[in-house]
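Working notes, structure below.
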2 protein chains.
Amino acid sequence: MNLDVKIVKVRSWDVRFPTSKNAHGSDAVHGLVDYSCVYVQIFTDAPDDSLIGCGLTFTIGRGNEVVKKCVDSLKSRIMGVNLSEVVREFGQFAHSLANDNQMRWLGPDGGVLSLACCAILNAIWDLWAKIEQKPIWRLLCDMNSKDLINCGIWKHLADELSPQEALDMLTSVESADDIKRRIDHVTNHGVAAYTTACGWLGYTDDYMKDKIQNFMSEGWTAFKIKVGVNLQDDIRRCKMVRELIGSGGKLMVDCNQKWEVDEAVKWVRELSPSDIYWIEEPTHPDDIIGHQKIKSEVNKLGVRVATGEVCKNRVLFKQMCSQGALDICQIDCARVLSINELIPILLLCRKYNITVCPHGGGVGLCEMIQHLAAFNYVRIAPLDPNSDSPPLVEHADHLSHHFEHPLNCFGGVYNVPESKTAGYTTTLKTESLAKYAVSMSE
Amino acid sequence: MNLDVKIVKVRSWDVRFPTSKNAHGSDAVHGLVDYSCVYVQIFTDAPDDSLIGCGLTFTIGRGNEVVKKCVDSLKSRIMGVNLSEVVREFGQFAHSLANDNQMRWLGPDGGVLSLACCAILNAIWDLWAKIEQKPIWRLLCDMNSKDLINCGIWKHLADELSPQEALDMLTSVESADDIKRRIDHVTNHGVAAYTTACGWLGYTDDYMKDKIQNFMSEGWTAFKIKVGVNLQDDIRRCKMVRELIGSGGKLMVDCNQKWEVDEAVKWVRELSPSDIYWIEEPTHPDDIIGHQKIKSEVNKLGVRVATGEVCKNRVLFKQMCSQGALDICQIDCARVLSINELIPILLLCRKYNITVCPHGGGVGLCEMIQHLAAFNYVRIAPLDPNSDSPPLVEHADHLSHHFEHPLNCFGGVYNVPESKTAGYTTTLKTESLAKYAVSMSE
């Protein structure tokens with residue numbers, strides 16, 4: 001395929017969906033939120049003028065305009081650049097985008113700067129996959145190990161994972177047959193999902209009950225609910241869900257960073273009789289040592305520690321992994337520096353035998369994580385000896401119908417995009433963009 | 001004093017100084033930079049219309065417009081608010097500003113969001129001190145311990161430092177006489193400083209030599225130079241400086257986050273024959289475990305580890321302290337949530353016996369840190385049994401003449417603002433604002 005195309009125009013959009021109206025997305029810390037995104041379109045000088053690289057980063061409303069402003073400030077870094085040059089040293093390119101010698105002060109490696117870079121990089125990945133006429137997960141699965149390493153950002157990881165060690169991990173374990181077998185598995189059986197759409201904090205007990213029963217009738221068996229504001233409420237809600245789903249179902253809880261370290265342990269202890277599969281974001285996302293303390297206590301209760309959706313960068317993930325601070329790593333596709341930073345993070349998880357259950361919800365996150373979950377299963381994650389299937393991926397789908405290739409997720413299974421569906425599947429429909437965009441610049 | 005004034009207007013400015021012309025501020029990571037700031041002016045309904053709270057945050061050029069945009073998005077949170085209500089629960093107010101339920105997604109606790117909140121909070125502190133007709137350092141030194149605790153942000157610190165433990169530390173150790181004695185000491189003898197203005201990476205050997213000799217003739221004895229690009233150059237430069245300053249002088253080096261963990265240890269080993277007092281920012285600023293590894297090795301060479309100027313928040317500092325990852329804590333007055341987040345950080349340093357040497361340079365940083373250094377010495381830091389004087393504060397003064405109350409720092413001593421100089425001493429001169437501001441909104 002011809003990657004020799006030049007980037008000639010970059011459009012950025014501030015898009016807001018009024019989700020706060022129905023309490024979708026409400027939790028112990030964020031209250032009512034309006035799922036939003038900064039959407040980036042990259043145009044090239046290719047003869048096919050329908051070719052547009054589309055990428056986004058997610059926010060929960062106010063502040064989206066700040067991320068868009070940052071995207072606008074970064075545009076000059078990619079204007080006029082040739083795609084073949086970008087992907088030739090893609091990891092270095094991604095790192096240098098976030099490390100403009102002056103703009104890096106806005107991070108480094110986190111916050112608005114990373115969100116903005118991520119939207120741009122996601123659009124570049126989409127452009128690449130569209131030219132290759134493959135969905136992202138197949139683009140990644142089909143890539144040779146050396147090229148995958150070349151796409152990754154390795155700076156400041158060498159003490160735990162050098163590029164050479166990563167390459168050895170990728171190349172030494174998998175045979176071509178094994179890769180093909182797993183691609184077939186993903187194609188035929190999809191990726192297992194759990195749902196968060198049943199347990200937002202703003203939902204009443206009755207509404208939750210109805211939701212869960214509906215999900216169960218469709219075949220779902222794993223559920224996550226929000227906790228962290230009122231302990232007695234949480235005990236009651238957990239009991240209720242456990243009774244509904246029976247002992248075979250999985251129940252996860254999420255307090256969205258609400259608690260102090262010791263508070264987290266106490267609270268989880270009270271909920272644990274309801275057989276909690278994991279506690280998610282128990283405390284401040286940067287608190288590696290805090291998570292380590294919590295994990296050592298709640299593991300005794302059979303509860304796992306999950307975190308990662310707002311983890312700022314690979315260096316924090318490196319420490320989370322090496323310090324035994326988490327059981328479940330919840331990568332996000334719109335927070336760190338796109339797939340370029342996720343590749344080393346997935347390999348760190350593999351090195352430390354940490355299960356990857358990507359973060360979904362919001363706008364476009366589910367559309368992206370299905371690719372990463374499939375890629376991780378096929379090329380990186382150790383096989384789970386008990387199930388030989390990809391681990392659970394989050395699902396909370398309110399806004400998928402705004403995308404040209406909406407999710408195909410039913411009964412607890414993501415049916416991953418078919419081979420003919422090219423790109424990162426986050427191209428917004430023209431009419432949705434027209435209706436929900438509040439500003440655009442190019 | 002009457003704090004019952006309402007905030008009626010907030011002005012934000014994007015101010016840029018073309019410092020890249022002379023290679024001021026050049027280092028191993030940031031190359032040529034243009035010192036910039038987002039400057040915030042808070043107007044009230046007080047009868048005295050010359051009363052304006054002025055605060056700033058510092059950046060190194062491109063991206064300053066993104067921070068200003070974020071300030072603009074936060075303005076509605078303080079418009080119409082009464083100052084007396086703000087300072088009554090100042091810590092909570094500061095935390096809630098950065099934790100607007102939607103905007104916190106842009107952090108949390110770091111990057112553009114923290115920089116923007118910091119500019120606003122710095123302006124509120126300035127407003128308060130101007131009404132009290134005291135410099136910030138005296139406002140803080142004169143405050144009772146309970147009020148100081150009330151100004152602090154304590155969320156997510158409880159496992160290492162609860163507000164009660166912090167209060168006990170503040171109240172139990174110091175007598176009123178002791179506080180008075182130290183205030184007198186600071187007033188009469190100032191705060192000891194070291195200079196960074198001699199060793200930017202873009203300076204030639206001859207230029208450095210001249211600079212250092214000039215500084216020495218003025219009485220300076222502690223010098224910091226930039227390293228990290230070329231080992232042989234660094235060895236030569238360190239030797240040259242050591243020969244110039246003799247065995248009595250202090251020499252610090254700073255690589256601005258350039259190195260991998262193991263690389264840092266090797267590089268410092270090569271420089272250590274020149275008797276290096278500290279290595280600053282040896283690796284990624286979020287790498288607590290990396291700093292811990294580096295410290296355990298370079299301490300054997302007599303070299304200390306210093307970091308903190310871009311450390312994103314109190315939770316990262318908490319771990320840096322509790323994990324033995326640093327010897328010298330370089331707080332910054334424009335990076336975290338103003339004095340509200342610095343109070344717990346200073347107390348964490350006290351708890352773990354870590355020396356605080358604040359980060360200066362840029363625009364306005366030296367103007368602010370002199371207050372924090374004096375306050376830390378008077379109310380928080382343990383006495384150094386060998387010297388009974390405040391620890392070294394950074395000095396790199398290129399832009400001080402743009403402020404209405406420029407620094408008074410000569411011969412290695414900061415003469416802290418006199419009692420009659422009210423505020424945080426970061427009020428820019430009208431003519432400087434007119435000349436260097438590129439945009440303003442209100």
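Cβ-Cβ distances below 7 Å connect no pair with a first residue in the range A:1-21 that is at positive phi and touching a residue at least 24 places away in the same chain (Cβ under 8 Å), a second residue that is in a loop (DSSP other than H, G, I, E, B) and hydrophobic (A, V, I, L, M, F, W, C), and a separation of six or more residues or different chains.
Return the total of residues in the range B:174-205 being touching a residue at least 60 places away in the same chain (Cβ under 8 Å) and exposed (fewer than 14 other Cβ atoms within 10 Å of the Cβ). Steps first, answer last, please.
Taking the range B:174-205 first, the residues touching a residue at least 60 places away in the same chain (Cβ under 8 Å) are B:174, B:179, B:182-183, B:185-187, B:189-197, B:200-203.
This time we only want the ones that are exposed (fewer than 14 other Cβ atoms within 10 Å of the Cβ), so: B:189.
Number of matching residues: 1.
Of the residues that make up the range A:29-48, is at least one of a type in the set (Val, Ile, Thr) and without any contact (Cβ under 8 Å) to a residue 60 or more places away in the chain? Taking every residue of the range A:29-48 in turn, at least one turns out to be of a type in the set (Val, Ile, Thr) and without any contact (Cβ under 8 Å) to a residue 60 or more places away in the chain.
Only one of these is in contact with a helix residue (DSSP H, G or I) (Cβ under 7 Å, 6 or more places away or on another chain), in contact (Cβ under 8 Å) with a residue 12 or more places away in the chain and buried (at least 24 other Cβ atoms within 10 Å of the Cβ): A:Leu51, A:Leu83, A:Leu113. Name it.
Values: A:Leu51 fails: buried (at least 24 other Cβ atoms within 10 Å of the Cβ); A:Leu83 fails: buried (at least 24 other Cβ atoms within 10 Å of the Cβ).
When all the criteria are applied, what remains is A:Leu113.
Yes or no: A:Leu121 within 13 Å of chain B (Cβ to nearest Cβ), in contact with a Phe, Trp or Tyr (Cβ under 9 Å, 6 or more places away or on another chain), part of a helix (DSSP H, G or I) and crowded, with 24+ Cβ neighbours inside 10 Å? Spelling it out, it is not the case that A:Leu121 is within 13 Å of chain B (Cβ to nearest Cβ), in contact with a Phe, Trp or Tyr (Cβ under 9 Å, 6 or more places away or on another chain), part of a helix (DSSP H, G or I) and crowded, with 24+ Cβ neighbours inside 10 Å. Only one entry in B:Leu74, B:Leu3 is within 14 Å of chain A (Cβ to nearest Cβ), more than 24 Å from A:Asn99 (Cβ to Cβ) and hydrophobic (A, V, I, L, M, F, W, C), namely B:Leu74.
Within the range B:218-236, how many residues are farther than 23 Å from B:Trp259 by Cα and either of a type in the set (A, V, I, L, M) or buried (at least 22 other Cβ atoms within 10 Å of the Cβ) (or both)? I'd like the intermediate steps shown before the answer.
The first filter runs over the range B:218-236 and keeps only residues farther than 23 Å from B:Trp259 by Cα, leaving B:218-222.
Next cut, either of a type in the set (A, V, I, L, M) or buried (at least 22 other Cβ atoms within 10 Å of the Cβ) (or both) only: B:220, B:222.
The number of residues fulfilling the criteria is 2.
Filtered by the rule that a residue be within 11 Å of chain A (Cβ to nearest Cβ) and out of contact with any Asp or Glu (no Cβ under 8 Å at 6 or more places or on another chain), the range B:23-35 gives B:Gly25, B:Ser26, B:Ala28, B:Val29, B:His30, B:Gly31, B:Leu32, B:Val33, B:Asp34, B:Tyr35. Restricting attention to the range A:50-84 and to residues that are charged (D, E, K, R) and out of contact with any Phe, Trp or Tyr (no Cβ under 8 Å at 6 or more places or on another chain), the residue that is farthest from A:Ile339 (Cα to Cα) turns out to be A:Arg62.
Every residue, every condition in (1) among the small types (Gly, Ala, Ser); (2) away from every other protein chain (no Cβ under 13 Å); (3) within 22 Å of A:Leu113 (Cα to Cα), yes or no:
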| residue | (1), (2), (3) |
| --- | --- |
| A:Val303 | no, yes, no |
| A:Thr307 | no, no, yes |
| A:Asn313 | no, no, yes |
| A:Ser322 | yes, no, no |
| A:Ala325 | yes, no, no |
| A:Ile331 | no, yes, yes |
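When you look at A:His371, is it in a loop (DSSP other than H, G, I, E, B) and buried (at least 24 other Cβ atoms within 10 Å of the Cβ), yes or no? It is false that A:His371 is in a loop (DSSP other than H, G, I, E, B) and buried (at least 24 other Cβ atoms within 10 Å of the Cβ).
Criterion first (surrounded by 24 or more Cβ atoms within 10 Å (Cβ to Cβ), in a loop (DSSP other than H, G, I, E, B) and in contact with a Pro (Cβ under 6 Å, 6 or more places away or on another chain)) does B:Thr425 satisfy it? In short, yes. Annotation note: of A:Val67, A:Val112, A:Val38, the sole residue that is within 14 Å of chain B (Cβ to nearest Cβ) and outside any helix (DSSP H, G or I) is A:Val38.
Could you go through the range A:214-232 and let me know if any residue there is among the charged types (D, E, K, R) and over 18 Å from A:His395 (Cβ atoms). No, that holds for no residue. Considering the conditions (1) more than 14 Å from chain B (Cβ to nearest Cβ); (2) touching a Ser or Thr at 6+ places or on another chain (Cβ under 8 Å), A:Phe93 is excluded by exactly one of them, (2).
Residues are listed down the side, and each one gets a yes or a no for (1) more than 14 Å from every other protein chain (Cβ to nearest Cβ); (2) in contact with a strand residue (DSSP E or B) (Cβ under 9 Å, 6 or more places away or on another chain):
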{"position": "A:Asp234", "(1), (2)": "yes, yes"}
{"position": "A:Cys238", "(1), (2)": "yes, yes"}
{"position": "A:Val241", "(1), (2)": "yes, yes"}
{"position": "A:Leu244", "(1), (2)": "yes, yes"}
{"position": "A:Ser247", "(1), (2)": "yes, no"}
{"position": "A:Lys250", "(1), (2)": "yes, yes"}
{"position": "A:Cys255", "(1), (2)": "no, yes"}
{"position": "A:Asp262", "(1), (2)": "no, no"}
{"position": "A:Trp267", "(1), (2)": "no, yes"}
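Those residues that are assigned to a helix (DSSP H, G or I) and touching a Ser or Thr at 6+ places or on another chain (Cβ under 6 Å), I need them from the range B:199-225; list them, please. Please lay out each step first, then the result.
The initial filter retains those residues of the range B:199-225 that are assigned to a helix (DSSP H, G or I), namely B:205-218.
Hit for the range B:199-225 is B:Phe215, nothing else.
A:Asn408 meets the stated requirement of being modelled with pLDDT under 95, surrounded by fewer than 21 Cβ atoms within 10 Å (Cβ to Cβ) and either in contact with a strand residue (DSSP E or B) (Cβ under 8 Å, 6 or more places away or on another chain) or closer than 24 Å to A:Glu132 by Cα (or both).
Name the residue that is nearest to the other protein chains (Cβ to nearest Cβ), counting only residues in the range B:129-160 that are touching a strand residue (DSSP E or B) at 6+ places or on another chain (Cβ under 8 Å) and in a helix (DSSP H, G or I). Don't jump to the end; show me each part of the working.
The first filter runs over the range B:129-160 and keeps only residues touching a strand residue (DSSP E or B) at 6+ places or on another chain (Cβ under 8 Å), leaving B:129-130, B:135-136.
Adding the requirement that they be in a helix (DSSP H, G or I) leaves B:129-130, B:136.
Working: B:Ala129: 27, B:Lys130: 29, B:Ile136: 24 Å.
Filtering first and then ranking leaves B:Ile136.
Note on the range A:7-22: among residues that are over 22 Å from the mean Cα position of the chain (by Cα), closer than 23 Å to A:Thr426 by Cβ and of a type in the set (Lys, Arg), the one that is farthest from the other protein chains (Cβ to nearest Cβ) is A:Lys9.
Looking at the range B:161-173, which of the residues that are over 17 Å from A:Gly290 (Cβ atoms) and surrounded by 14 or more Cβ atoms within 10 Å (Cβ to Cβ) is farthest from the other protein chains (Cβ to nearest Cβ)?
Step one: list which residues in the range B:161-173 are over 17 Å from A:Gly290 (Cβ atoms), which gives B:163-164, B:166-173.
Now drop any that are not surrounded by 14 or more Cβ atoms within 10 Å (Cβ to Cβ), which leaves B:163, B:166-167, B:169-170.
On the way: B:Pro163: 11, B:Ala166: 14, B:Leu167: 17, B:Met169: 19, B:Leu170: 21 Å.
Among those residues, the one meeting the criterion is B:Leu170.
Going by the structure shown, is A:Val378 within 18 Å of A:Gly25 (Cβ to Cβ) and either surrounded by 18 or more Cβ atoms within 10 Å (Cβ to Cβ) or at pLDDT 95 or above (or both)? Here the answer is no, as A:Val378 does not meet what is asked.
Would you mind stating whether A:Ile343 is within 10 Å of chain B (Cβ to nearest Cβ), crowded, with 24+ Cβ neighbours inside 10 Å and hydrophobic (A, V, I, L, M, F, W, C)? Judged against the criteria, A:Ile343 is not a match. In the range B:331-340, is there at least one residue being within 14 Å of the chain's Cα centre (by Cα) and either modelled with pLDDT under 95 or at positive phi (or both)? There is at least one residue in the range B:331-340 that is within 14 Å of the chain's Cα centre (by Cα) and either modelled with pLDDT under 95 or at positive phi (or both). The single condition among (1) surrounded by fewer than 18 Cβ atoms within 10 Å (Cβ to Cβ); (2) hydrophobic (A, V, I, L, M, F, W, C); (3) in the same structural domain as A:Val413 (by TED's automatic domain parsing) that A:Phe215 does not satisfy is (1). Here A:Met216, A:Met208, A:Met252, A:Met240 are screened, and the one residue that is more than 29 Å from A:Ala373 (Cβ to Cβ), among the hydrophobic types (A, V, I, L, M, F, W, C) and touching a residue at least 24 places away in the same chain (Cβ under 8 Å) is A:Met240.
The values are calculated or read from the model by the stated rules, or taken from the named source; none is laboratory data. Computed from a predicted structure; not experimentally measured. No Cβ is skipped: glycine too gets one built from the backbone with ideal geometry, and neighbour counts run over all protein chains shown.
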